[in-house]
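Taking it in order: structure first as structure tokens, then the write-up.
The values are calculated or read from the model by the stated rules, or taken from the named source; none is laboratory data. Every value quoted in this text rests on a predicted model; they were computed, and no experiment measured them. Neighbour counts are summed over all protein chains in view; Cβ atoms, including those assigned to glycine, are modelled from backbone coordinates with ideal geometry.
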Amino acid sequence: MVRADFVIVGAGPAAIAAAETLRKTEPDKSIALISRENIPPYSRMALPYVLTGQIDQNGTYLRKGQNYYKDRDIKIYHATVTSIDAGQKLLHLESGASLGYGKLLIATGASPVKPPLPGLDLPGVEHCWTLDDAKAIADRAGDGANIVLMGAGFIGCIILEALVACSAKLTVVEAEDRMVPRMMNTTAGNLLKRWCEKKGMTILTSTRVTGLSDVDGKLKVDMDNGQSQIADLVVVATGVKANIDFIAGTDIEVNDGIKIDHHMQSNVEDIYAAGDCAEGRDFSTGYWSVHAIQPTATEHGHIAALNMTGRIAYYKGSLNMNVLDTAGLISSSFGQWQGVEGGETTESLDAENSRYTHLAFEGDRLVGALTLGRTENIGILRGLIQSRTKLGVWKDRLMKNPNRIAESYIANTQL
Amino acid sequence: MQKTLHINVDDCTGCYQCVLACSDEHDKSFNPMKSRIQVFKFEDEGRFVPYTCTQCDEAWCQKACPTDAISVDANGAKVVSDALCVGCKVCTIACPFGTVNYNASSGKVIKCDLCGGDPACAKACPTDAITFVNADTAQFDKMRNWAGKTDAGTQQSA
């Protein structure tokens, strides 16, 4: 039987960050990475850009060198793990083979879920999650194609951008009352909706798809507003679920993802988790949360790897943050943009130019932010929140003019 | 010897020559929006602060990039490959200094690349407020201290 000192299940950003840190800190130990897809590790985040033709498959690869993994003695197995024997420290694979581990990292990410509606198995209904999905969408999303996008959450809106670039006629159906509800308040969500409508999209909020049917080779999409829409393609982006079915039968504690401590370890010794399948500490709240974002994935992977080698690395928690480009309107959100109890919020709105800045404070510290139509220095928002910088007099200046973000930071650090 | 940009805020007169030189060097334009160095003006304090990437060791931008588009060149600069960058902007929120910015006209991100080892901003500065010096003699100390506070939540002990 094959055994490796470090085994990583998954091949996304968290997995690769972990493998690299493991190799850097333990040059002589064996590292095995198990990938379910039969291609080199790639970035799902890059898939929309494959759809638009901006990059090809190679452009999605997380590391570009042809022998990148081989050169670092990171062994990649293309296989599917079916179960874990934590007692024997063994992984059972679909092929019937098994693989032993010294320390195990579960970085299997998440998969899209289809709501339980009739017709979602019809041809022409796709997720945008794998390279194959992206290719299937590209085949149908030609000039003038009618596309219905189910879900205007974060992932939906990333795909939206690509679908618009394909010159498709797009209808977006979102069950909640605004676009990207987890990233936008009502003001921002409505600004975004108006922007999309001006670009020729149909945006239906507070609307649910009730079912799909085949009408002469096209898809008929029925909605709870009594209307229906004929589409060439339906893209489903209504949520994701952690890929952790294979841990059934172990004692690993799970909530929305595998619960991990400040060292990225699960409650089962020598089993760690990272990225979208893991529920780690939220920097802002101190509670557990799944932050399915690239920066969290790579931080998790890096910290998990250090701890797997016996070093003690403590993670203070991940800051939830997102950036989105919706047909040219760029938005970002950080931390507790909704505001916190006993805190204050401020905002500046220029509806005509789709510019909006909303800040949330606790005392004189920034705890959250939400921006639309702004790209300059937005990373400073992360810096201000995560460093818990005391803003002093700049708190009042920001309350009066929230757009002085960069100045507030520079004055506090450079003057 | 690795060299680094050193900024002495006290000597800056706010002439914006660095900004124009950077824009000219990278974009063949004189457009402050295309410059990778910015000058912030503080009217109440009567001060000017040139501001750009410190090429920090932590390299949040590089780690956050999903397409391997940011690499470290021979000068220690974190450099964006236009061929690999897809314009996803994750690096622009990951960098806690806000010194990676999206350039809508190219659809890519832009940041200071130290001009391949001969920074145009330092050459253009008439008061030596911006100099390109040996890394161990000068640092952006204040920014680096702050970087320590902002680290991605990691505290490591051997």
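Quick notes on this structure:
- Qualifying residue in the range B:100-116 (condition: at pLDDT 95 or above, assigned to a loop (DSSP other than H, G, I, E, B), in contact with a helix residue (DSSP H, G or I) (Cβ under 7 Å, 6 or more places away or on another chain) and facing chain A (nearest Cβ under 8 Å)): yes
- Candidate set: the range B:73-89, residues that are in contact with a helix residue (DSSP H, G or I) (Cβ under 7 Å, 6 or more places away or on another chain) and closer than 30 Å to B:ASP10 by Cα; chosen: the one nearest to the other protein chains (Cβ to nearest Cβ): B:LYS78
- Out of A:TRP288, A:TRP337, one residue alone is surrounded by fewer than 24 Cβ atoms within 10 Å (Cβ to Cβ) and in contact with a strand residue (DSSP E or B) (Cβ under 8 Å, 6 or more places away or on another chain). It is A:TRP288.
- Looking across the range B:30-49, the residues that are out of contact with any Leu (no Cβ under 9 Å at 6 or more places or on another chain) and either among the hydroxyl-bearing types (Ser, Thr, Tyr) or in a strand (DSSP E or B) (or both) come down to B:GLN38, B:VAL39, B:PHE40, B:LYS41, B:PHE48.
- Of all residues in the range A:227-267, those satisfying the criterion of being surrounded by fewer than 20 Cβ atoms within 10 Å (Cβ to Cβ), among the small types (Gly, Ala, Ser) and either touching a His at 6+ places or on another chain (Cβ under 7 Å) or more than 24 Å from A:LEU93 (Cα to Cα) (or both) are A:SER228, A:GLY239.
- Residue in the range A:96-105 that is without any contact (Cβ under 8 Å) to a residue 60 or more places away in the chain, surrounded by fewer than 16 Cβ atoms within 10 Å (Cβ to Cβ) and either assigned to a strand (DSSP E or B) or not acidic (Asp, Glu) (or both) present: yes
- Contacts under 7 angstrom Cβ, first residue in the range A:245-268 being closer than 15 Å to A:ASN307 by Cβ, partner part of a helix (DSSP H, G or I) and of a type in the set (Ser, Thr, Tyr), 6 or more apart: none
- Among all positions in the range A:50-69, there is no residue which is hydrophobic (A, V, I, L, M, F, W, C), over 22 Å from A:ILE293 (Cα atoms), under 24 Å from the mean Cα position of the chain (by Cα) and not in a loop (DSSP other than H, G, I, E, B).
- Pairs where the first residue, in the range A:17-37, is of a type in the set (Gly, Ala, Ser) and the second is not in a strand (DSSP E or B), C-beta under 6 Å, 6+ apart: A:ALA17/A:THR298; A:ALA17/A:GLY301; A:ALA17/A:HIS302; A:ALA18/A:GLY301; A:ALA18/A:ALA304; A:ALA18/A:ALA305; A:SER35/A:ALA11
- Failed criterion for A:HIS358 (all others in (1) touching a residue at least 60 places away in the same chain (Cβ under 8 Å); (2) in contact with a Lys or Arg (Cβ under 8 Å, 6 or more places away or on another chain); (3) more than 20 Å from B:CYS91 (Cβ to Cβ) hold): (2)
- The combined condition, being in contact with a helix residue (DSSP H, G or I) (Cβ under 8 Å, 6 or more places away or on another chain), in contact (Cβ under 8 Å) with a residue 40 or more places away in the chain and within 14 Å of chain A (Cβ to nearest Cβ), is fulfilled by B:LEU5.
- Close pairs (6 angstrom Cβ cut-off, 6 or more residues apart or separate chains): under 22 Å from B:ALA21 (Cβ atoms) in the range B:49-78, buried (at least 22 other Cβ atoms within 10 Å of the Cβ) and of a type in the set (Phe, Trp, Tyr) anywhere: B:THR54/B:PHE140
- Subset of the range A:7-44 that is β-branched (Val, Ile, Thr) and at pLDDT 95 or above - its residue that is farthest from A:ILE312 (Cα to Cα): A:ILE34
- Those residues of the range B:38-55 which are among the acidic types (Asp, Glu) and at the interface with chain A (Cβ under 9 Å from one of its Cβ atoms), in sequence order: B:GLU45
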